[in-house]
Each structure stands twice: as structure tokens, then as C-alpha cells.
Amino acid sequence: MVKIVKSTIMEAPVEAVWEVLRDFNGHDRWHPAVADSHIERGQSSDKVGCVRRFHLVDGSELREQLLTLSDADMAFTYCLLDTPVPLLNYVAHVRLTPVTDGDLTFWEWESRFDTPAGEEQRLKDMVSEQIYQAGFEAVRAHMGLAPASTA
């Protein structure tokens, strides 16, 4: 099983970052890999159990299901239902925590999944960089924040 844990500090209050991430169907407005997205069966994007169907910019279609959503914890969990990429048993968790020294946000994005034999490192790198790291950078840009410091 592959495990990924990525985190970053966002230079914005936790409530502002949560407002962007809480919308399970909002990732097409900020993630550069996502072309379009909709929630199946007309359900609300904050209803646990709802399924988002979306297309990547390359035309691939994916379906993900919202497993948990907590406003109190500013966290949610989701899983992949259908994907052209062999990320098997994929479950991801997003959690925001306030950083009180400066009114910042600590954002952690983690997942666990299985892969076909020999594909572990390639798929781990793809998820870590093309999805999570690209997502961090895209939310910063969406919110009008400065890029992350590399110091």
C-alpha cells in the first residue's frame, strides 16, 4: 500500500481556505487538471455520500465519493470510484488547522492506495506532485495569495 502525506502553510485564515475546499464540487474552479465537474443525481456537494463526476483536461473521466465532511474539524474524506489510472482502493483525507501565529492555515492532504506491482513510485509521484502539490499552488493562485516560499 502506498501512503502519501503532503502539507503546506497557506497565508490566509483557515476559514477562508475552508470556504474554497469545502465545496466538494468546486475543484474545477481552481485545480488546473480538472476541466469540469458535477454532482450526480442533483445532490448537494456537501452531502456525505454524494458522487462527483468530472473530466480532466486530457478528457479522462473520474468519479469520487464524499465519505465524511466536518465543518467543526474543517476536514473531509473521499474515495475514488472510477478512474482510468490504476489507483486501487484510493481514499484521501483533507484537513485544515489554524496556525494562530500569523492567522495562517496548515493544510494536510493525505491518501492511501494500492497499485499494480511495479507502479508504486510512479503513481505516488504523480499523485503527490500533479494532484496535491499542484492543488496547493492552484488554491493559492485562486485566492490571490503569494506562491509558497522556497526558503
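Tabulated values for the structure
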| item | result |
| --- | --- |
| Test for His55: is it closer than 22 Å to Tyr90 by Cα, surrounded by fewer than 17 Cβ atoms within 10 Å (Cβ to Cβ) and either touching a helix residue (DSSP H, G or I) at 6+ places or on another chain (Cβ under 9 Å) or of a type in the set (Ser, Thr, Tyr) (or both) | yes |
| Output for the stretch 104-151, where each listed residue is open to solvent by less than 30 Å² (accessible area, probe 1.4 Å) and basic (Lys, Arg) | Arg140 |
| Any hit, the stretch 40-51, residues being assigned to a strand (DSSP E or B), open to solvent by 60 Å² or more (accessible area, probe 1.4 Å) and among the charged types (D, E, K, R) | no |
| Verdict on Asp103 being of a type outside the set (Gly, Ala, Ser) and in contact with a Pro (Cβ under 8 Å, 6 or more places away or on another chain) | yes |
| Any pair with Cβ under 6 angstrom, 6 or more apart, that starts in the stretch 17-40 at a residue that is without any contact (Cβ under 8 Å) to a residue 24 or more places away in the chain and farther than 16 Å from Tyr78 by Cα and ends at one that is buried (at least 19 other Cβ atoms within 10 Å of the Cβ) and of a type in the set (A, V, I, L, M, F, W, C) | Val34/Phe54 |
| Selection from the stretch 81-131 of residues that are of a type in the set (S, T, N, Q) and either out of contact with any Leu (no Cβ under 6 Å at 6 or more places or on another chain) or on the phi > 0 side of the Ramachandran plot (or both) | Asn89, Thr97, Thr100, Ser111, Gln121, Ser128, Gln130 |
| Which listed residue is closer than 28 Å to Ala16 by Cβ and in contact with a helix residue (DSSP H, G or I) (Cβ under 7 Å, 6 or more places away or on another chain), from Thr77, Thr105 | Thr105 |
| Lone qualifier among Glu129, Glu120 - being over 15 Å from Trp18 (Cβ atoms), free of Cβ contacts under 8 Å to residues at least 60 places away in the same chain and not hydroxyl-bearing (Ser, Thr, Tyr) | Glu129 |
| Lone unmet requirement of (1) part of a strand (DSSP E or B); (2) under 12 Å from the mean Cα position of the chain (by Cα) for Phe113 | (2) |
| Some residue of the stretch 70-87 being open to solvent by 40 Å² or more (accessible area, probe 1.4 Å), within 24 Å of Val2 (Cα to Cα) and part of a strand (DSSP E or B) | yes |
| Qualifying residues in the stretch 1-39 (those that are in contact with a Leu (Cβ under 7 Å, 6 or more places away or on another chain) and part of a loop (DSSP other than H, G, I, E, B)) - the one most open to solvent (accessible area, probe 1.4 Å) | Glu11 |
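The values are calculated or read from the model by the stated rules, or taken from the named source; none is laboratory data. Everything numeric in this text was worked out from a predicted model, so none of it was measured. Every residue, glycine among them, receives a Cβ derived from its backbone with ideal geometry; neighbour counts consider all protein chains shown. Heavy atoms of the whole protein, side chains included, go into the accessibility calculation; ligands, DNA and RNA do not. Shrake-Rupley method; radii C 1.70, N 1.55, O 1.52, S 1.80 Å.
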